[in-house]
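The values are calculated or read from the model by the stated rules, or taken from the named source; none is laboratory data. The model shown is predicted, which means the values in this text are computed figures rather than measured ones. Using ideal geometry, Cβ is built from the backbone for each residue, glycine included, and neighbour counts are taken over all protein chains shown.
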Amino acid sequence: MKRWLKMTIVVDPVLVEAAADFLIGVIDAGVEVGVDEDIILKTLNVYVEKENPADDELGRITSQVESYLHQLAEIFQVDPPALEWDIFEEEDWGKNWKKHFAPFAITPHLVIVPTWEEYRAGEGEKVITMDPGMAFGTGHHATTALVVELLEKEILQVGGVPSVLDVGSGTGILGMAAALFGAAKVYAMDNDPVAVMAAMENCQRNALVGIMEVGDTPLEELDEQYSLVLANIIHDVLLDMATDLRRVTKIGGKLILSGILQGKQAASIISAFEENGCQLEEKIGRDEWTALLFRRVD
């Protein structure tokens, strides 16, 4: 019977997204995140598909992960994560993916449903069916909910938007939400091939192929402009992308940005985007996170 590597990582909540992104994109791991919002720390269960890995390979993988997590902790100025690892049998693989995920509402009008669950939508509910284990982006994180809240309000109050760009789309949740809320056209882009494939599969699964396109075109190579641009990434990357994010937004169009800590990071993003011809229209927060809605004015 095949045996696989499992790592259990206990982290400060601010590290969850960056850690999961690294584990999926670099280590090629599957990641499940505990969804209990009442605890101070989060548990990441990480599954690495290495058949019968040798001791030196185990040491290399775990050392690489520990080193990166300690760098993250220094950047965010939080306690270093705790990491434990073990080997488990192949027959446990399916069980470990599913036990923490059940249908949940990101907002009162949008519900995420894992592929193995049955769910009957209530009145006024939109439903996204997806496999949370395929790539980064299950919808549980506060930043996702904040973007969806602004996205829903922005699209519904004007009765739809002509075009939406989702930058760093992960599993495609935000792009799919935009399509379900009434966007006429959505382009979801990510530089991670695993994420692109996951978003494509989710798009097909939710019958959104006619509205939503998924690709890996780098942001700096996009020529088209969009009515609404979404980017739920991290502060430093948003700063690096500021000029291009403004460029691909139509004059009078909107940008929704998240992955930003409240306080200094939020102030930094507001300053950078206002200097780039964008006007802050709304700011919302949850826990230590914030999401910002800008309008491009020139």
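On inspection, Ser169 passes the criterion of being surrounded by 24 or more Cβ atoms within 10 Å (Cβ to Cβ) and in the same structural domain as Lys254 (by TED's automatic domain parsing). Val111 falls short on exactly one of the conditions (1) surrounded by 15 or more Cβ atoms within 10 Å (Cβ to Cβ); (2) at pLDDT below 90; (3) of a type in the set (Val, Ile, Thr), and that condition is (2). Candidates are the residues of the stretch 138-177 that are in a loop (DSSP other than H, G, I, E, B) and of a type in the set (S, T, N, Q); the one that is farthest from Leu219 (Cα to Cα) is Thr138.
Restricting attention to the stretch 224-247, the residues that are at pLDDT below 95 and more than 20 Å from Gly259 (Cα to Cα) add up to 0. From the residues in the stretch 269-298 that are of a type in the set (Gly, Ala, Ser) and more than 21 Å from the chain's Cα centre (by Cα), which one is surrounded by the fewest Cβ atoms within 10 Å (Cβ to Cβ)? Step by step, filter the stretch 269-298, then rank; the result is Ser271. Residue-level analysis places Asp240 outside the set of residues that are in contact with a helix residue (DSSP H, G or I) (Cβ under 7 Å, 6 or more places away or on another chain), exposed (fewer than 15 other Cβ atoms within 10 Å of the Cβ), farther than 23 Å from Ala184 by Cα and in the same structural domain as Gly170 (by TED's automatic domain parsing).
A count restricted to the stretch 229-252 and to residues that are in contact (Cβ under 8 Å) with a residue 24 or more places away in the chain and of a type in the set (Asp, Glu) stands at 1. For the stretch 253-276, filtering for residues that are of a type outside the set (A, V, I, L, M, F, W, C), modelled with pLDDT under 95 and in contact with an Asp or Glu (Cβ under 8 Å, 6 or more places away or on another chain) leaves 2.
Of the residues making up the stretch 77-102, those that are at pLDDT 85 or above and either small (Gly, Ala, Ser) or surrounded by 13 or more Cβ atoms within 10 Å (Cβ to Cβ) (or both) are Val78, Pro80, Pro81, Ala82, Leu83, Trp85. Within the stretch 173-212, take every residue that is surrounded by fewer than 17 Cβ atoms within 10 Å (Cβ to Cβ) and within 22 Å of Leu245 (Cβ to Cβ) and give me the one that is modelled with the highest pLDDT. Among those that are surrounded by fewer than 17 Cβ atoms within 10 Å (Cβ to Cβ) and within 22 Å of Leu245 (Cβ to Cβ), it is Ala184. Pairing residues of the stretch 253-281 that are in contact (Cβ under 8 Å) with a residue 60 or more places away in the chain and farther than 18 Å from Val14 by Cα with residues that are assigned to a helix (DSSP H, G or I) and among the β-branched types (Val, Ile, Thr), at Cβ distances under 7 Å and at least 6 apart in sequence or on separate chains, gives Ile256/Val147.
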